[in-house]
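Q: Shown below is the structure under consideration.
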2 protein chains.
Amino acid sequence: MDTQTRIVIVGGMACGPKTAARARRRAPRARITVIEQGETVSEGSCGLPYYVGGQIISDTALLIRGAKYFREVMEIDILNGTRATAIDRSARTLEVLDIKTNTTSQMPYDKLVIATGATPSVPRALKGQDLKGVFTLTKIADANAILQEMENASPKRAIVVGAGLIGLESAEAFKERGLEVTVIEALDRVLPALLDPEMAAHAEKELVDKGIDVRLGQRVLSLEGDADGHVRRATTEKGEIEADIVLLSLGARPNVELARNAGLAIGTTGGITVNEYMQTNDPDIYSGGDCVENTHRLTGAKMLAPMGSTANKHGRIIGTNVTGGSETFPGVLGTAIVKVFDLNVARVGLSETDARAAGIDIVTSIAPGFEYASYYPGAQMITVKMVTDATTGKVLGGQVLGKGEVAKRTDVLATVLSFGGTVEDVANLDLAYSPPFNGAMDVLHNAANVIRNKMTGHARAMSPIEVNERICEGEEFVLLDVRSQPEWEDAHIDACQCRLLPLNQLRQEISSLPPNTRIITMCRTSIRAYQAQRILDGEGFDNPCFMDGSITAWPYAVVCRKQSS
Amino acid sequence: MDTQTRIVIVGGMACGPKTAARARRRAPRARITVIEQGETVSEGSCGLPYYVGGQIISDTALLIRGAKYFREVMEIDILNGTRATAIDRSARTLEVLDIKTNTTSQMPYDKLVIATGATPSVPRALKGQDLKGVFTLTKIADANAILQEMENASPKRAIVVGAGLIGLESAEAFKERGLEVTVIEALDRVLPALLDPEMAAHAEKELVDKGIDVRLGQRVLSLEGDADGHVRRATTEKGEIEADIVLLSLGARPNVELARNAGLAIGTTGGITVNEYMQTNDPDIYSGGDCVENTHRLTGAKMLAPMGSTANKHGRIIGTNVTGGSETFPGVLGTAIVKVFDLNVARVGLSETDARAAGIDIVTSIAPGFEYASYYPGAQMITVKMVTDATTGKVLGGQVLGKGEVAKRTDVLATVLSFGGTVEDVANLDLAYSPPFNGAMDVLHNAANVIRNKMTGHARAMSPIEVNERICEGEEFVLLDVRSQPEWEDAHIDACQCRLLPLNQLRQEISSLPPNTRIITMCRTSIRAYQAQRILDGEGFDNPCFMDGSITAWPYAVVCRKQSS
């Protein structure tokens, strides 16, 4: 290709700079320009909650590469303080506004890259969103404004609207700064886009344990201010909540106006449509980062995936393709991970909720276990929920959470999903084993084997949600806890259906169990509970099952008081 | 199948108990017997070095399940203190010796499982191996004997013979107990079966930094004792080393006598031959755990893989197949991980050494990077060495080490290898990203992309081994360090060929570089060094390259003094 190719990139945050750097390394003589509205480029915006919370001391740590670096090292023309206002596709020119001087110029391009990112979603109907003390958080400037507000106005009470990734990270940040924090979420659970209800309940519990006031199933209708126009409270369907500072974290809307006005295709998700080469419907215009829609690798469905990790992959592929290469992007798995105080929480692929909504016949497992060898000091529990196709055993998704190591299991599952692997594949993975790093059987091995045992009919389980419902409805069944007496005393489910019968006494005392009542076994991680189920099977009990994940995965507190003790 | 099937299992450590438990859960009425020489079953033997080192306080922590549990809960007949002495395959009986009473009996079986494990390899020629104070470490009894010796004899100086996994873990254990420790290894590097030389050098450096005396390339010829028959020194080709306690950790030899005497096939590796069902050449006799040979999933070669993780997988499959099921084991990847003091070290698949020995044309990369977002507090560096097929880009192996998170990258690579994935697959993995857990680009993404850049000819690198050789041979070239002045002052390679020229000054000062001398660039992680190579390419320099892994992966100390200044 012509080494003098003019490559113009709109957007200097993640995908844009990555595209520019990649293009430069492939085409030393290309003329590469980046149009950026703000005064910085290449912000590490995913770190913003940790800057607000004080774990990251200076915003300079979040400036990964300065414009100077791009100019001096890369010979990339970074035009800060400029805005792309229109594309003339037939003339192949970009109209660029110099914001300071308010002058417009036409910039010719051979290849144009739209990396305009996304803007925080704020419902237009939300009254009071312009009050002082109301913020969003996607740029360093937002974070500095919040820190300035904390410095100047010493807010005592924060409201975070939206219990998604940034919402929960920000709730923790405000708490770190000593504020009282309320999280308000319209849906029935935290991280609703990521987690099934019984998994989300663990994240909610962690927030509550750390002193966060979590309000679910209510929408903020309006924000009200004081005489100075400073926010002082939020009103939801369920009442008023006082606040001195409000963070709106309701997701992000792709910035597609430039593309739409130029007649480029926009998908139903609201993101710019691109093919696997990250090319729009104009072959000379590429797009990547938060402004495009992605393809889900499992379902083929279009989805938004505003993640720095994805933007970087887009940038590398676009940088290749605008310099004569030909690389493709296979799509995303919706992988996400978040630290919720001391709890690590992650999702990859489809949740049970997603899969059922898509009409897929699935088998799931909830497998708790130690992060590494149980006898090695400090081992914490984690829990894996695995979702698989009921017919083929193909793994469709996973949710992993716990105070121990969660990212490894998530990334292994992401890799399995990328290759269309099955539970048998997972069970046979030769994962790295040594006591400080893992048990001889990884939690993923166990999660896969539980599903295999269910698929062959040996294992039968009931979800903690269903067990909880049956308890609350006062149904007659036995929740047979087969742990030891000391374990029971340490913590147990305080329901009238619950009964302790340690596994090593089960065979002798089996005649004490009611013959015509459903028996649901449980223990700490379901290993003993499954064993108990098999013993009951062998003794001819009718359809015994175990509670998936047992007490480790039980997300509820005391559900009802014992009727007699 | 007949629910009264008699299943007899020889060996009660890992594969044996797993087989028994799995068989019981599938076949409630099968008659299951475990023959075990020792007085315990199901030892967590991988934890022994941590018990010797004191991190694990009591040996009871390493007894995962007692015989009582198997008997009472599982209705499995555990015969401790018995030894299987012969198999009569035509009669389908096992001859069993009761060690205490010295009586022999014949035990009929329908399915026999040989899980006899392995025994520490000790060369017959090694004189003095029977002296007091000389140990091996594969059982709790061994660990207790060592602890007893430390209690009674207060040894000051320990020698560990063999720098493999258990050797290095044990060296750390002795150091934790306050002993002076020497590790003696016959080959030229530590962990020689796992790591390439330039990666092994980092593990060696960590041992030396922590005060271990590491003696490579020398074989222990004899151990000598004092008048009481207690070991006091070791003699190698290179001299004498004093010691009060000696641990022999020279690998393990599969226990195959029972199988061999029964006419079962033994492989060239010395392990019992089994098919993918874990079945020996007698269809009623299965075998698993440390006594069998495994198949390498990539090469198809037979190999020994004495790992608790593998033994457990074997056990589950055998437990299935002896109760009428039909499951197969796909083999292993040689995955291994070890904590070497503060350094985490892992290998999966083929090393460069392995691949070259097998005649495979390969491309490798050495990619250092932060374990998670560089700006998130506490981030440590790790280094990934990736080995791929030069033609297809198929990933063949990885070595990962560093003071940061290593197990995750290893397990992701193990998963990629299981599916025959390529560097493009790795580069597109949707791994979990959030600053406390990862950077926007994982080190694996970078390692894969370096290889892709090499395959397209954009990137050219030289291994640190070769650079070091050229330095030591006094060759004329420029080792161009393109980091900043403060980074240089912090640490740099002190060789006459090395020159500082920060990347942001490279374009201006490029004319100061000698035009006809080979230029090898370097920085912290090779990202800037690659950029510098591309700038030099663009300016017409002849075949510039960067040093793979740059200073982070540089395993050597000062190599020679500067000739001037």
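Q: May I ask which of A:Lys313/B:Lys454; A:Lys68/B:Lys385; B:Lys18/B:Lys111 have a Cα-Cα span longer than 20 Å here?
A: Beyond 20 Å: A:Lys68/B:Lys385.
Q: From other protein chains only, count the Cβ atoms within 10 Å of every residue's Cβ in A:415-421, then give the mean.
A: Averaged over the peptide's residues, the number is 6.
Q: Counting only residues 5 or more places away or on other chains, whose amide H sits under 5 Å from the amide H of A:Ala118 once H atoms are built in the peptide plane?
A: It is A:Asn255, by chain and number.
Q: For the stretch A:403-527, what does the equivalent ellipsoid look like in terms of its semi-axes, each the square root of 5 times an eigenvalue of the Cα gyration tensor, given largest first in whole Å?
A: 32, 17, 15
Q: Provide a whole-number value for the mean count of partner chain Cβ atoms within 10 Å of the Cβ atoms in peptide B:435-448.
A: If you average over the peptide's residues, the count of other-chain Cβ atoms is 5.
Q: Starting with the fewest neighbours, write out B:Phe70, B:Phe419 ranked by other beta-carbon atoms found within 10 Å of each beta-carbon.
A: B:Phe419, B:Phe70
Q: Still on this structure: Which of the GluC sites (Glu not before Pro) found in the stretch A:396-475 are in a DSSP loop and have at most 14 neighbouring Cβ atoms, other than their own, within 10 Å?
A: Answer by residue number: A:Glu473, A:Glu475.
Q: Percent antiparallel among DSSP beta bridges with both residues in the stretch B:134-250, to the nearest 5?
A: Percentage antiparallel, nearest 5: 40.
Q: Something else now. What aspartates and glutamates does A:Lys132 reach when the alpha-carbon gap must be under 16 Å and sequence neighbours fewer than 8 apart in one chain are set aside?
A: Qualifying aspartates and glutamates at Cα under 16 Å: A:Asp142, A:Glu149, A:Glu151, A:Glu224, A:Asp226, A:Asp228, A:Glu242, A:Asp244.
Q: Could I ask something else about it? Residue by residue through the stretch A:327-336, what is 3J(HN,Hα) from phi via Karplus (6.51 cos²θ - 1.76 cosθ + 1.60, θ = phi - 60°)? Round to whole Hz and write x for glycine and proline.
A: Once rounded to whole Hz, the list reads 10, 10, 10, x, x, 10, 10, x, 5, 8.
Q: Restricting to bridges with both residues inside chain A, how much of the DSSP beta-bridge set is antiparallel, in percent to the nearest 5?
A: 55 percent
Q: For B:Glu487, place a label point 7 Å out from Cα along the Cα→Cβ vector, do the same in each other copy, and report the separations in nm, one decimal, smallest first.
A: Once sorted, the set of distances for B:Glu487 reads 5.2 nm.
Q: I need the inter-copy label distances for B:Thr119: point set 7 Å along Cα to C-beta, values in nm with one decimal, smallest first.
A: Distances to the matching label points in the other copies: 7.8 nm.
Q: With N set to the residue count of the protein assembly as shown, report its C-alpha Rg divided by 2.2 N^0.38 Å to two decimal places.
A: So the Cα radius of gyration is 0.99 times the expected 2.2 N^0.38 Å.
Q: Taking the number of other C-beta atoms within 10 Å as the exposure measure, put B:Glu151, A:Glu149, B:Glu204 in order starting with the fewest.
A: Sorted ascending by nearby Cβ count, the order is B:Glu151, A:Glu149, B:Glu204.
Q: Right, another one. Taking amide H positions as placed 1.01 Å from N in the peptide plane, with prolines and chain starts having none, which residues 5 or more places from A:Thr422, or on another chain, fall under 5 Å of its amide H?
A: A:Val395
Q: Remind me, what semi-axes does the stretch B:461-553 give for its equivalent ellipsoid, largest first in whole Å, using sqrt of 5 times each Cα gyration tensor eigenvalue?
A: 17, 16, 12
Q: With a 10 Å Cβ neighbour count serving as the proxy for reagent exposure, in which order, fewest first, do B:Asp490, B:Asp442, A:Asp537 appear?
A: With the sparsest Cβ surroundings first, the list reads B:Asp490, A:Asp537, B:Asp442.
Q: How many angstrom separate the Cα center of the stretch A:376-393 from the Cα center of the stretch B:411-461?
A: Cα centroid of the stretch A:376-393 versus Cα centroid of the stretch B:411-461: 24 Å apart.
Q: Related question: Please express the shape of the stretch A:134-250 as an equivalent ellipsoid: the semi-axes are the square roots of 5 times the eigenvalues of the C-alpha gyration tensor, given largest first in whole angstrom.
A: Largest first, the stretch A:134-250 gives 23, 16, 12 Å.
Q: So, one more: With 25 Å as the cut-off, how large is the P(r) tail for the stretch A:252-399, expressed as percent of Cα-Cα pairs?
A: Roughly 44 percent, once rounded to a whole number.
Q: Now, a different point. Going by alpha carbons, how many degrees (0 to 90, nearest 10) lie between the helix axis of A:527-538 and the longest principal axis of chain A?
A: 50 degrees
Q: Go through the stretch B:483-557 and name the GluC sites (Glu not before Pro) that are in a DSSP coil and have 16 or fewer other Cβ atoms within 10 Å of their Cβ.
A: Here the sparse-neighbourhood loop sites are B:Glu509, B:Glu539.
Q: In sequence order, what are the phi-derived ³J(HN,Hα) couplings for the stretch B:411-424 according to the Karplus relation 6.51 cos²θ - 1.76 cosθ + 1.60 with θ = phi - 60°, rounded to whole Hz, with x for glycine and proline?
A: Computed from phi, the couplings for the stretch B:411-424 are 5, 5, 5, 4, 5, 4, 5, 4, 9, x, x, 10, 4, 5 Hz.
Q: Another one. Measuring label to label, 7 Å along Cα→Cβ, what does B:Gly263 give against each other copy in nm, shortest first?
A: Sorted ascending, the copy-to-copy spacings read 8.4 nm.
Q: Let me ask you something else. Can you give the FRET efficiency for A:Glu489 and B:Asp98, using 1/(1 + (r/R0)^6), R0 = 56 Å, r = Cβ-Cβ distance, to the nearest 0.05?
A: The computed FRET efficiency comes out at 0.85.
Q: Can you give the average number of partner chain beta-carbon atoms within 10 Å of each beta-carbon in peptide A:313-324, as a whole number?
A: Taking all residues of A:313-324 together, the mean is 2.
Q: Right, another one. Just to be sure I follow: if Rg is taken over the C-alpha atoms of chain B and Rh is the Kirkwood radius over the same atoms, what is Rg/Rh?
A: Radius of gyration relative to Kirkwood radius: 1.03.
Q: Counting DSSP beta bridges with both partners in the stretch B:20-102, what percentage is antiparallel, nearest 5?
A: So the antiparallel bridges amount to about 65 percent of the total.
Q: When the chain is fully extended, how far beyond the present Cα-Cα distance does A:Arg124 get from A:Glu176, taking 0.36 nm per residue of separation?
A: Between A:Arg124 and A:Glu176, full extension yields an extra 15.6 nm.
Q: Under 5 Å between amide hydrogens, which residues at least 5 positions from B:Cys498 or on another chain qualify, with H placed 1.01 Å from N in the peptide plane?
A: Those lying under 5 Å, H to H, from B:Cys498 are B:Leu479.
Q: Can you pull a Stokes-Einstein diffusion coefficient for the stretch B:342-455 at 20 °C (1.002 mPa s), Rh from Kirkwood over Cα pairs, as a whole number of µm²/s?
A: It comes out at roughly 155 µm²/s.
Q: From the phi of every residue in the stretch B:56-72, what ³J(HN,Hα) in whole Hz does the Karplus formula 6.51 cos²θ - 1.76 cosθ + 1.60 yield, where θ is phi - 60° and glycine or proline is x?
A: 9, 6, 10, 5, 5, 4, 8, 8, 4, 9, x, 4, 4, 4, 4, 6, 6
Q: To the nearest 20 Debye, how big is the dipole of chain A about its Cα centre, given +1 on the beta carbon of each Lys and Arg and -1 on that of each Asp and Glu?
A: 1200 debye
Quick note: the coordinates plus some simple rules give every number you see, no bench work behind them. Quick caveat, the model's predicted, so the values are computed rather than measured. Glycine also receives a Cβ, built like all others from the backbone with ideal geometry; neighbour counts cover every protein chain displayed.
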